[in-house]
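The values are calculated or read from the model by the stated rules, or taken from the named source; none is laboratory data. Model, not experiment: these values are computed from the prediction. Cβ coordinates were reconstructed from backbone atoms using ideal geometry, including for glycine residues, and neighbour counts include every protein chain displayed.
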C-alpha cells in the first residue's frame, strides 16, 4: 500500500492487522530514506539504529516468505521513500495499491508536525511515477482516504473484492493503543491512531493553504487528480 504522509495510512494498517490472516510491516525503507537524504525527522537517530538502511537487503526481506505463516503480508510504504537512485522493479513481485488523500488535507495536517520545503516530502510525484510504471501492464488499485473515512465498510469490501481476499467486519475496528508492529517513529506521528478504535468520521479540512505552500499545493494537485480518476468507487 503506497501512500504519502498524513493519509490515514496507519489506520488502514491497523485495519488489516486486525485480520487473523495478515502480517503487517510499517515503512521498511524509512531508515534508508533518512540515511540517504540526511533529513532531520523526529527520532532520526533511533530510526537509523532500529531500521535496515540497506535498500537491497530490505527488498530481499519484503519479497520473501510471509512471516509467521500468515496468508497476507500488508506492507505500509511511504512513496517519498522511493529515491531517484532506487530500482523499483521489485514491486512487480507484489500486488500494489495506492492510498491517496487530497493535498489540502495532507498539507494542513503535515505542516502542523513538520516544515514542508519540497513536494518530494509528500510523496505525490513518487506515487504518480510508480503508478505510471505499473500501469503499463494493468491499472493498480487506488483508494482515496476521504472515501474510506466516509464509508469504510463499502470501500474496504470493494478493495478486498478486487484483491480476491475475504472481507471481515473486524477490519472496521481495532483495540485502542500502540502495536509492536508500529515503527518507533510512532511516538511522534501516531498519537491520534493510537487513541482510536476505528476510522474517524470524515471531516473536511477547509483551512487556507499558507502562501508559502501554494506552489507545492498546485503541483500536488496535478498528481492527485491523475490518481483520483482511477480510484475505486
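Restricted to the range 135-191, the set of helices (runs of 4 or more DSSP H) holding at least 1 residues that are at pLDDT below 95 and within 19 Å of the chain's Cα centre (by Cα) comprises 186-189. Residues in the range 109-133 that are part of a helix (DSSP H, G or I) and touching a strand residue (DSSP E or B) at 6+ places or on another chain (Cβ under 9 Å): 124, 126, 127, 130, 131. Considering the range 110-128, and only residues there that are at pLDDT 95 or above, within 15 Å of the chain's Cα centre (by Cα) and more than 20 Å from residue 142 (Cβ to Cβ), the residue that is surrounded by the fewest Cβ atoms within 10 Å (Cβ to Cβ) turns out to be 120.
Table: residues versus (1) modelled with pLDDT of 95 or more; (2) loosely packed, with under 12 Cβ neighbours inside 10 Å; (3) at negative phi; (4) more than 19 Å from the chain's Cα centre (by Cα).
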residue	(1), (2), (3), (4)
193	yes, no, yes, no
196	yes, no, yes, no
203	no, yes, yes, yes
208	no, yes, yes, yes
212	yes, yes, yes, yes
218	yes, no, yes, yes
223	yes, no, yes, no
226	yes, no, yes, no
231	yes, no, yes, no
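For the range 18-39, a tally of residues being touching a residue at least 60 places away in the same chain (Cβ under 8 Å), over 21 Å from residue 56 (Cα atoms) and buried (at least 20 other Cβ atoms within 10 Å of the Cβ) returns 1.
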